[in-house]
1. Take the Cα gyration tensor of the range 91-156, multiply each eigenvalue by 5, square-root it, and list the three semi-axes largest first, rounded to whole angstrom.
2. Whose amide H sits under 5 Å from the amide H of Gln42, counting only residues 5 or more places off or on another chain, with H placed in the peptide plane?
3. Can you list residues whose amide H is under 5 Å from Thr76's amide H, if they're 5+ apart or on another chain and H is modeled 1.01 Å from N?
4. Distances over 14 Å make up what percent of all Cα-Cα pairs in the range 43-126?
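Just so it is clear, none of the values below were taken in a lab; they were calculated from the coordinates. Note that this is a predicted model, so its numbers are computed, not measured.
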Amino acid sequence: SRDNHCIRTGSAGIIDKAPRGYRPVRSQNGRFEDRTTGGLVQVKGHRGSVDAQTTSGDISIHSWSTISTQTVSGSTQLVLRNASPAEPSSAQSRSGDINVLLMEEAALQVKMKTTGSITTDYSVEIDNFPGTARKEAVANIGAASAFLELISGSGAITISRNFAMIQISEGETAVQEN
């Protein structure tokens, strides 16, 4: 559907109401799954795994666990609160940008592939492929005990540290304006 989808959780679990203009979505056994053709998929404060797919909508996830996202032309915004999830995580987009903010001391290996730009607050090794705009990069962050793969056909990939983040309340996060 082309509805905006939202899930917000707090210490008591799933809250089955959503902000104005959003359709609330409940999780199944701690796992959130959503598939749309358009509209925003937004997940905030969920402590279980997240699997979100959309054709032309954007994806925004604030998570403590494993994530998997796919979009054709939408952008992906990830705030990873536990940057060492137990299972591999991934974000893929054919043409949208992928932005990741790591909230705590990260311990993961991040593999990035794109023909767009790669920007990161961490040290990376970038492999360019002569004659093409394609590039692949690997960032080993901390002990690199978990795995995150970021793939965008033509969008930019950005990985940032939590410098500008402030905590508002359980399940809510905001970016401080500079």
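1. The answer is 21, 13, 9 Å, longest axis first.
2. Result for Gln42 returns His5, Cys6, Ile7, Ser60.
3. Ile59, Asp97, Ile98, Asn99
4. Details: 2140 of 3486 pairs.
Of all Cα-Cα pairs in the range 43-126, 61 percent lie more than 14 Å apart.
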